[in-house]
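Below is one structure, written out as structure tokens; the observations come after it.
The values are calculated or read from the model by the stated rules, or taken from the named source; none is laboratory data. For clarity, every value in this text was computed on a predicted model and none was experimentally measured. As a convention, Cβ positions derive from the backbone with ideal geometry for all residues, glycine included, and neighbour counts pool all protein chains shown. Only protein heavy atoms, including side chains, enter the accessible area calculation; ligands, DNA and RNA are left aside. Shrake-Rupley method; radii C 1.70, N 1.55, O 1.52, S 1.80 Å.
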Amino acid sequence: FPQWLPDGESFIYVAVGRTGSSVGSDSVLRISTPENPHGRDLMPCQTSAVYEDGQILFIHDSILMARAFDVATGEFTAAAEPMIGGVLSIPAAHLSVISASRGAHVLAYSAGTEQSIGSSILVRHDPETGVEEFLGEPLLTYGFDVHPDGSKVLLALPDARNGTFDIWTLEVERNLMSRFTFEAESELLPLYGPKGEWVYYSSDSEGRSNIHRRRASGVGDPELLFPSKFDCLPSSFSPDGGLLAYTAVDSTGKFFIEFVDIETRETRRPHEQASYAEGATTFSPDGKWMSFISDETGDPQIFVESMTVGGGRYRVSSEGGYFPIWSSSGDVLYYLAPNGEIKAVEVFSNPSGGLSFGAETLVTDRVETADWSTIKIDRSTGNLVVLRSTQGQQKSLLSLV
């Protein structure tokens, strides 16, 4: 959050470390110039700051503080004084929700707490009856997965102080949350192994997003599954648990599909010559087919392809689609439409060994769209588990001073 100072030669910004400590001791306000961009530390600072009328304004523990500052010397001239309480900040984003005019002596700010921000809630949806129930409480997440027996849900949740993500386990019946990972880096996109004995996830502990795993019991240390020069985002397992499909992202931002053999740790790419983006692979319950996203037609669409070379390839979606997932029986393919609707397409096996597909039908709507799958299957019941937006319980008011 850089901001020029009135001299037009220097600017202030917040610099954030990644040591795993709290934001208050891990981020600082700096003053810099284009010639010396690293600059000089001014003070510890939890979130972004602004300069106005001889003062630097910042938030500390929800209190808007003002501290006199001399632009000519680049030094503070007095201690910080409190101005207003209950001002909204988002520590994980290092953001103070304030803005000051230049020279007009006017300040705008948002009152509230982190809980004022709209968040999301997991919903279990019965595709046959349409009956729904909430799982847990409203939250912010970057990936979730359902245990094969439906008893637990893995969630990647933000640490509001550190700005990183950790994996937690929600016990559905008891509505009880337990932390699963404790590393200083971010752990995202959790995925249960086929039997629920292992948890796989993406972690940036090696400087990029590589796939790690840890026993679901929590016993033992995390294990790097394989090193990669790409960012790797786990997608799904083959029914026998032998292959993990993941989406790899290269340095240009291109997405492509890769598989890793869990036993040998060898990786391969099913579409070596693909010049288009593809990913989010899921395997059919019988292991004979894989569904995935591809933009080879221009827009992201859902395709199904045989795991046997030359065994058939089909386009399923008609108007765009994301994150396909098979029903427990394999006779329905669900996917998320760009408008937040979940579509269902019946899948039929032909005597020749190929597939045919029924018409798209609407299952439910108002599902969040993201760059990761917001739709999963509870294999124990066949129900869908989806992520929906929900408004925060408190209002966040904009004030002008």
Being of a type outside the set (S, T, N, Q) and outside any loop (DSSP other than H, G, I, E, B) is the filter here; which residues of the stretch 291-318 pass it?
F292, I293, I302, F303, V304, E305, R313, Y314, R315
Of the residues L188, L140, L154, only one is under 14 Å from the mean Cα position of the chain (by Cα) and open to solvent by 50 Å² or more (accessible area, probe 1.4 Å); which?
L140
Subset of the stretch 152-187, residues touching a residue at least 60 places away in the same chain (Cβ under 8 Å) and either among the hydrophobic types (A, V, I, L, M, F, W, C) or closer than 22 Å to S380 by Cβ (or both), comes to V153, A160, A184
Residues (in contact with an Asp or Glu (Cβ under 8 Å, 6 or more places away or on another chain) and of a type in the set (A, V, I, L, M)) located in the stretch 199-240
A216, L224
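Please determine whether any residue of the stretch 153-162 is modelled with pLDDT of 90 or more, on the phi > 0 side of the Ramachandran plot and of a type outside the set (S, T, N, Q).
no
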Set A108, A104, A79: member being surrounded by fewer than 14 Cβ atoms within 10 Å (Cβ to Cβ), among the hydrophobic types (A, V, I, L, M, F, W, C), at pLDDT below 90 and farther than 18 Å from Y13 by Cα:
A104
Test S328 against the stated conditions and say whether it is open to solvent by 20 Å² or more (accessible area, probe 1.4 Å), farther than 25 Å from Y200 by Cβ, out of contact with any His (no Cβ under 9 Å at 6 or more places or on another chain) and not β-branched (V, I, T).
no
Filter the strands (runs of 3 or more DSSP E) completely within the stretch 34-112 down to those with at least 1 residues that are under 14 Å from Q3 (Cα atoms) and touching a Ser or Thr at 6+ places or on another chain (Cβ under 8 Å).
36-44, 50-52, 55-60, 98-100
Are there any pairs with C-beta distances below 6 angstrom linking a residue in the stretch 337-359 that is closer than 19 Å to F323 by Cβ and at pLDDT 95 or above to a residue that is assigned to a loop (DSSP other than H, G, I, E, B) and among the aliphatic types (A, V, I, L, M), with the two at least 6 apart or on different chains, and if so which?
K343/A337; V345/V316; F357/V316
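Yes/no matrix, rows are residues, columns are (1) within 29 Å of E137 (Cβ to Cβ); (2) not polar (S, T, N, Q):
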position	(1), (2)
D166	yes, yes
P190	yes, yes
S202	yes, no
N210	no, no
R214	yes, yes
D240	no, yes
K254	no, yes
Out of all the residues in the stretch 266-290, which are of a type in the set (K, R) and not in a loop (DSSP other than H, G, I, E, B)?
R268
Go through (1) within 26 Å of the chain's Cα centre (by Cα); (2) farther than 18 Å from W372 by Cβ one by one and return the number of the condition G311 breaks.
(1)
Out of the residues in the stretch 334-393 that are among the charged types (D, E, K, R) and open to solvent by 80 Å² or more (accessible area, probe 1.4 Å), which is farthest from the chain's Cα centre (by Cα)?
E346
Counted residues, the stretch 227-248 - those being surrounded by fewer than 18 Cβ atoms within 10 Å (Cβ to Cβ) and within 19 Å of G207 (Cβ to Cβ):
2
Condition check: on the phi < 0 side of the Ramachandran plot and open to solvent by less than 60 Å² (accessible area, probe 1.4 Å). Does S317 satisfy that?
yes
Of residues in the stretch 116-137 being at pLDDT below 90, more than 23 Å from R174 (Cβ to Cβ) and not aliphatic (A, V, I, L, M), the one surrounded by the fewest Cβ atoms within 10 Å (Cβ to Cβ):
G118
Looking at the stretch 253-276, which of the residues that are open to solvent by 30 Å² or more (accessible area, probe 1.4 Å) and within 20 Å of the chain's Cα centre (by Cα) is modelled with the lowest pLDDT?
G253
Failed condition for Y200, given (1) within 18 Å of L225 (Cα to Cα); (2) touching a Lys or Arg at 6+ places or on another chain (Cβ under 7 Å); (3) surrounded by fewer than 15 Cβ atoms within 10 Å (Cβ to Cβ), with all others met?
(3)
